[in-house]
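The values are calculated or read from the model by the stated rules, or taken from the named source; none is laboratory data. Fair warning: this is a prediction, and the values are worked out from it, not measured in the lab. Note that each Cβ is placed from the backbone with ideal geometry, even for glycine, and that neighbours are counted across all protein chains shown. Accessible surface areas use protein heavy atoms only, side chains included; no ligands, DNA or RNA. Shrake-Rupley method; radii C 1.70, N 1.55, O 1.52, S 1.80 Å.
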Amino acid sequence: MQLPQTLMQYLNDVPGFMPEAFLVAHTLEAPVSVRVNPNKSYDLSHLLLDQRVPWSAQGFYLKERPSFTLDPGIHGGAYYVQEASSMFLEFALQQVLHDQQGLYALDLCAAPGGKATLLSSMPQFSLVLANEVIRTRVTILHENAVKWGEPKLLVSNNDPSAFNRLDGFFDVMVVDAPCSGSGLFRKDPSALNEWSEQNVKLCAARQQRILSDALPALKDGGVLVYSTCSYSPEEDEDILQWLVGEHGLSAIDLQIPQDWGIVKTASANGGIGYRFFPDKLKGEGFFVSCLQKTGGGKSGMRTASRYEKSIKSASYHQGLKTWVDEGLEIRVRSRGNELILIPAALEPALQELEQVLHLRKSGVRAGALMRDQFVPDHELVLSQYLSGSAPRIELTREEALRFLRKQDINPQGSRKGWFTVTHGGLPIGLIKHLGNRVNNYYPSSWRILMS
Ligand code: SAM
């Protein structure tokens, strides 16, 4: 692999850069890693899990790369294939937030959803908004959010400028910015063709624009996590310099075990960041920095008066009781004939978000009422809201793959009605048993195309 000479020259001044080792690392295969969903239970021994990713409680390297597409577990959201360096977000936020609870997080540049699903598994957050500006990329973000199954994970499709109308709304803002991508050259050599000095400059200008637009939505005292997968100082330390100098953010210094191989870096005015080099650790190129907003925004706890508005909610339809346990802190909302479930505590916040943003997922789509009959939805069976006693049929791996290809299946039993289909106990979708045949309700656009 021929790395751009100009990039190599620029990196000479970067802390921790060792050109020879760096070039050797680019001749090796990128490690494969997954992050396990702590709220779904599924046997992952077939994935050949290897060591743990040091900075992630749920991250594991794999001994070899399996065919993820042909594993029902990934379609049921049992795990997410995520590059190891980027899982560091969990360690950083854990250290900064300790055991605070009820926080609101925004993942501003969220597709395809690696960091957003990670945030939604952290107990510190009661609301995680995954936003993506590019409409075509929202589709995969939405799909991954549905599969992950966390009701507190919402999805929006807005330009960063829309967020300046949510003054001080979020406690944590993650900006995993679009960048020139040099950190992923080893994993995706095609990114080399798009790399140029000019593009690095364009990316840096765009990163500043995105941050300026969105920062008003971070509350005073709130935490910004800025990250890129670029090695270029223009997109890393220079942005830190600008965040500290122009926006008055202050650095957060993390305590990181030295043997992890993560390199501390800084801007001239005291910003602190961390660089991940593939020759020093098992992961790809990554840069991350945590900063605290100190002044200029709304602060403090949210007040009830700001959020209390009249709430129209639907009653708990009889049919829903088969699928969702009663007594959970859930609000049922109706939209046309659809029923949407949301965590009750989020209702006021959701109302505020709905006034400003284009929400693509606001809770869990439970199903629809058709002539007063409740028809369950795929989204419900993949979510944490699905009752353990909902009707279910276990499929073999072959049957599960036929189901996920949206082919006909003929599972055992002939009781009529709607069933969750599971593999290894993990819900992967819905069927309707008609007695003499079975209708497969797997979403067409998600079906496996690989033979
Ligand atoms: N955080 C994601 C994850 O962990 O899966 C990866 C995000 S990727 C590095 C950057 C994202 O920013 C892309 O999804 C891209 O579509 C989006 N993006 C591109 N241009 C943007 C812009 N002008 N404003 C905000 N986001 C943008």
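What's the extension gain from residue 322 to residue 69 if we count 0.36 nm per residue and subtract their Cα-Cα distance? Spell out each step's value before the answer.
Working: separation 253, 0.36 × 253 = 91.08 nm, distance 3.12 nm.
Residue separation times 0.36 nm, minus the Cα-Cα distance, leaves 88.0 nm.
Provide, for q = 0.11, 0.15 Å⁻¹, the log10 of I(q)/I(0) from a solvent-free Debye sum over equal Cα point scatterers in the range 76-205.
-0.42, -0.78
Normalized C-alpha radius of gyration of the range 190-289, against 2.2 N^0.38 Å?
Details: Rg = 14.2 Å, N = 100, 2.2 N^0.38 = 12.7 Å.
The value comes to 1.12.
Are there GluC sites (Glu not before Pro) in the range 41-122 that DSSP puts in a loop and that have at most 15 other Cβ atoms within 10 Å, and which ones? Present the calculation step by step, with values, prior to reporting the outcome.
Working: sites: 64, 83, 90; in loops: 64, 83.
For GluC sites (Glu not before Pro) across the range 41-122 that sit outside H, G, I, E and B with at most 15 neighbouring Cβ atoms in 10 Å, the list reads 64.
Taking every pair of alpha-carbon atoms in the chain, what share in percent sits in each 20 Å bin, from 0 to the bin with the longest distance?
Per 20 Å bin, starting at zero, the Cα-Cα P(r) for the chain comes out as 24, 54, 21, 1 percent.
Sorted by mean Cβ packing within 10 Å, highest first, what order do the peptides 424-430, 178-184, 394-400 take?
Values: 424-430: 21.0, 178-184: 23.3, 394-400: 16.4.
The densest-packed peptide leads the list: 178-184, 424-430, 394-400.
Extending each Cα 7 Å along its Cβ direction at residue 198 and residue 13, get the distance between those two points in nm, one decimal.
Label-label distance for residue 198 and residue 13, simple model: 2.4 nm.
Compute the length gained on full extension between residue 450 and residue 434: take 0.36 nm times their separation in residues and subtract their Cα-Cα distance, giving the result in nm to one decimal. Walk me through the intermediate numbers first.
Values: separation 16, 0.36 × 16 = 5.76 nm, distance 2.84 nm.
Here the answer is 2.9 nm.
Give me the percent of accessible area attributable to carbon and sulfur for the chain, probe 1.4 angstrom. Mind showing how you got there, number by number?
Details: 9400 of 19330 Å².
Taking all protein chains in place, the chain shows 49 percent carbon and sulfur surface.
Would the range 117-176 count as rounded, prolate or oblate if I go by the C-alpha gyration tensor, calling it rounded below 1.5 in a/c and otherwise prolate when a/b exceeds b/c, oblate otherwise? It would help to have the intermediate numbers written out before the result.
Working: a/c = 2.22, a/b = 1.08, b/c = 2.06.
It comes out oblate by the Cα gyration axes.
Cβ under 13 Å from residue 144's Cβ, residue 144 left aside: what net charge do those residues give with Lys, Arg +1 and Asp, Glu -1? Display every interim value, and only then the final one.
Numbers: positive: 35, 115, 137, 147, 360, 361; negative: 107, 132, 143, 150, 379.
Net local charge, residue 144 excluded: +1.
Based on alpha-carbon positions alone, could you give the equivalent ellipsoid semi-axes of the range 360-423 from the gyration tensor, as √(5λ), descending, whole Å? Could you put the intermediate results ahead of the total?
Numbers: eigenvalues 98, 45, 29 Å².
In descending order, the three semi-axes are 22, 15, 12 Å.
What list of whole percents do you get for P(r) of the range 1-137, with Cα-Cα distances grouped in 5 Å bins up to the one holding the largest distance?
The distribution over the range 1-137 is 2, 8, 15, 16, 17, 15, 14, 8, 4, 1, given as percents.
What is the antiparallel percent of DSSP beta bridges lying wholly in the chain, to the nearest 5? Could the numbers behind the result be given before it?
Numbers: 49 of 71 bridges.
About 70 percent, rounded to the nearest 5.
Going by the alpha-carbon gyration tensor, a ≥ b ≥ c the square roots of its eigenvalues, is the range 328-448 rounded (a/c under 1.5) or, if a/c is not under 1.5, prolate (a/b greater than b/c) versus oblate?
Note, shape of the range 328-448 comes out prolate.
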